[in-house]
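Take a look at the structure below.
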Amino acid sequence: MHPLVQMRKVTKEYHGIPAVTAVDFVLNKGEVHALVGENGAGKSTLTKMMCGVTPLTHGEMLVDGKPVTFNSPAEALESGIAMVFQETSLVPTMTVAQNLYLGDEKPFNRLRGLYIAAQTLLQSLNFDVVPTAVVYGLGAAHKQMVEIARAVRKNVIVIIFD
């Protein structure tokens, strides 16, 4: 059985200055990891490399034993890796339900069905968020819940929290 994610000697340099140097990391199914360190230690850089925001300068990343190179978060998402950022990527003028299904719209989508599906998902996670609420009116905690629900809805194998 392969690790879900494995990083081998990953390095990220910005204009020749190392932000992360030769890091090895392994994440197996069922594990939870916390990455701690001082500001500037490279925590965010490492997680951004894992989810496709930032490309590796050197090293190798494997997902389920297969080498991958992510050029965007969308590519990482296709491989089952999602990141929930401190600053949300939600569209503030849309409802919670619309944000949950953004990018997966079907022709002739009915809002009622979208709201029911969103309510079912949010209830399954025990998130007290109203699917018809417009996102700009939500507090930070509820916005984070929507981001988490969106990742869970995509059936990802890894969720990274920044």
Exercise for the section: Could you list Lys143, Lys106, Lys9, Lys43 in order of exposure, starting from the residue whose Cβ has the fewest other Cβ atoms within 10 Å? Expected result: Lys106, Lys9, Lys43, Lys143
Practice task
Using the Kirkwood radius over Cα pairs, work out the Stokes-Einstein diffusion coefficient for region 80-162 at 20 °C and 1.002 mPa s, in µm²/s as a whole number.
Solution key: 167 µm²/s
Fill in the blank from the handout: Dividing the mean separation of Cα pairs under 8 Å (6+ apart) by the residue count of region 80-162 yields a relative contact order in percent of 55 percent
Completion exercise
Final fewest-first order of Glu31, Glu78 on the 10 Å Cβ neighbour count is Glu31, Glu78
Handout entry: Residue exposure sequence - Met94, Met83 - by fewest surrounding Cβ within 10 Å
Key = Met94, Met83
Practice task
Mind checking the full-extension length gain between Arg110 and Ala133? Use 0.36 nm per residue of separation minus the Cα-Cα distance, one decimal, nm.
Solution key: 6.6 nm
Fill in the blank from the handout: In the structure shown, of Lys43/Lys66; Lys66/Lys154; Lys9/Lys154; Lys9/Lys29, the pairs separated by more than 27 angstrom at the C-alpha atoms are Lys9/Lys154
Exercise for the section: Name the most mobile residue of Tyr101, Tyr136, Tyr14, meaning the one with the largest mean-square fluctuation, in a Gaussian network model of the chain with Cα contacts below 10 Å. Expected result: Tyr14
Exercise for the section: Name the most mobile residue of Pro18, Pro55, Pro73, meaning the one with the largest mean-square fluctuation, in a Gaussian network model of the chain with Cα contacts below 10 Å. Expected result: Pro18
Handout entry: Proximal charge balance of Leu114 [Cβ under 15 Å; K/R count +1, D/E count -1]
Key = +3
Completion exercise
With the 8 Å Cα cutoff and a minimum separation of six or more residues, the chain has a relative contact order in percent of 23 percent
Problem - Added length on full extension, which subtracts the Cα-Cα distance from 0.36 nm per residue, Lys9 to Glu78 - result: 22.5 nm
Completion exercise
The alpha-carbon center of region 91-134 and that of region 17-74 are separated, in whole Å, by 31 Å
Completion exercise
Taking a crude spin-label model, label points 7 Å out from Cα along the C-beta direction, the Thr120 to Lys66 distance in nm is 2.9 nm
Problem - GNM result for the chain, Cα springs below 10 Å: residue of His142, His15, His33 fluctuating most strongly - result: His15
Practice task
Provide, as a two-decimal number, the C-alpha radius of gyration of region 5-78 over 2.2 N^0.38 Å, N being how many residues it has.
Solution key: 1.06
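None of the figures in this text is laboratory data; all of them are computed from the coordinates on show. Computed from a predicted structure; not experimentally measured. Positions of Cβ are backbone-derived with ideal geometry, glycine not excepted, and every protein chain shown enters the neighbour counts.
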